[in-house]
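J.: I'd like to ask some things about the structure below.
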Amino acid sequence: MSFTERVQHRKLFDHDPRFARLTDKIAAKAYAADRLGSDWVIPTLWQGNALPPEPVWPTPFVLKARHGCNQSAFCRDAQVDWQQLRAASVRWMAKSYGCWLDEWAYRDVPRGLLVEPFIGSDGVLPVDYKIYVFGGRAEYVQVHLDRETAHRWLLFDRDLAPVSNDPRGDHPAFPASIGAMIAAAETLAADFDFLRCDFYDTDAGPRFGEFAVYPGSGLDPFDPVELDYAIGAKWGQVLGEQPII
């Protein structure tokens, strides 16, 4: 069974009550701080259910929905259209997220909004390191580059050797903190058969981003396609499945 098929199976049949806590952006921070220490967690400047008439935090900052995915805005300066963002936040708050893709864990997350400081340098988003952990062992590191301009991702194995195809062939150098991020991911995911743990490398050191229990909702393609099955086999080994000869 491929990795993407296993994600679909998890959505339909694995209703681990812990998934809602991991999906909740506020609760996930508390979970990470408890296991790694508060210095790993990006501070929350504000949380609530309705934005104030004007922003009351220094720029730059990031606005997010607590209960959803891809519901965020990067506010780099005072010229941001705050009323437009308030309108967007009302739409985010209007309904639960994830039901349309059977991502049931989002359903049980309290609806809400939060604001965090922007952690990139010179207005540029930091590189996103998404670590795939199976049975407490990190097996793959997915690196997301140029997320606002020409977004692409590359996959590396545990030893940081490339395993995905990259037509551009410009593999980025890993930061000195990558070993610490891998160790942190294994600590956070120790009690799960699979969990993706996301981190950023910042000028102040590595920071926890979020968890993913349904990466890509099991819809993202892998290149080469055989990689989808190789990753799925790692998950199957943790579940005690015998490899298919």
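J.: Can you tell me which residues in the stretch 202-245 are polar (S, T, N, Q), touching a Pro at 6+ places or on another chain (Cβ under 9 Å) and either open to solvent by 40 Å² or more (accessible area, probe 1.4 Å) or in a helix (DSSP H, G or I) (or both)? Can you show your working first?
T.: Kept after step one, since they are polar (S, T, N, Q), are these residues of the stretch 202-245: 202, 217, 237, 242.
Now drop any that are not touching a Pro at 6+ places or on another chain (Cβ under 9 Å), which leaves 202, 237.
If the condition is that a residue be polar (S, T, N, Q), touching a Pro at 6+ places or on another chain (Cβ under 9 Å) and either open to solvent by 40 Å² or more (accessible area, probe 1.4 Å) or in a helix (DSSP H, G or I) (or both), then Gln237 is the only one that fits.
J.: Let me ask something else. Which number in (1) surrounded by fewer than 18 Cβ atoms within 10 Å (Cβ to Cβ); (2) basic (Lys, Arg); (3) touching a Ser or Thr at 6+ places or on another chain (Cβ under 6 Å) marks the one condition that Lys64 misses?
T.: All conditions pass for Lys64, except number (1).
J.: Related question: Of the conditions (1) modelled with pLDDT of 90 or more; (2) in a loop (DSSP other than H, G, I, E, B); (3) more than 16 Å from the chain's Cα centre (by Cα), Val115 clears all except one; give me its number.
T.: Going through (1) modelled with pLDDT of 90 or more; (2) in a loop (DSSP other than H, G, I, E, B); (3) more than 16 Å from the chain's Cα centre (by Cα) one by one, Val115 breaks only (2).
J.: Considering only the stretch 33-58, state which residues are over 21 Å from Phe208 (Cα atoms), open to solvent by 20 Å² or more (accessible area, probe 1.4 Å) and part of a loop (DSSP other than H, G, I, E, B).
T.: Start the filter on the stretch 33-58 by keeping residues that are over 21 Å from Phe208 (Cα atoms), which leaves 48-58.
Within this subset, residues satisfying the condition of being open to solvent by 20 Å² or more (accessible area, probe 1.4 Å) are 48-50, 52-58.
Within the stretch 33-58, Asn49, Ala50, Pro52, Pro53, Glu54, Pro55, Val56, Trp57, Pro58 qualify.
J.: Moving to a separate point now. Name the residues in the stretch 139-194 that are in a helix (DSSP H, G or I) and not β-branched (Val, Ile, Thr), would you? Steps first, please.
T.: Our first condition is that a residue be in a helix (DSSP H, G or I); within the stretch 139-194, this holds for 178-188.
Across the stretch 139-194, the qualifying residues are Gly179, Ala180, Met181, Ala183, Ala184, Ala185, Glu186, Leu188.
J.: Still on this structure, please answer the following. Arg147 passes all but one of (1) loosely packed, with under 14 Cβ neighbours inside 10 Å; (2) under 17 Å from Thr202 (Cβ atoms); (3) among the basic types (Lys, Arg); which number fails?
T.: Status for Arg147: all satisfied but (1).
J.: Going by the structure shown, is Ala28 closer than 28 Å to Pro172 by Cβ, in contact with a helix residue (DSSP H, G or I) (Cβ under 8 Å, 6 or more places away or on another chain) and assigned to a helix (DSSP H, G or I)?
T.: So Ala28 fits the description; yes.
The values are calculated or read from the model by the stated rules, or taken from the named source; none is laboratory data. Predicted model only: the values in this text are computed from it and were never measured. Neighbour counts are summed over all protein chains in view; Cβ atoms, including those assigned to glycine, are modelled from backbone coordinates with ideal geometry. Ligands, DNA and RNA are stripped out before the accessible areas are found, and what is left, the full protein with its side chains, is counted by its heavy atoms. Shrake-Rupley method; radii C 1.70, N 1.55, O 1.52, S 1.80 Å.
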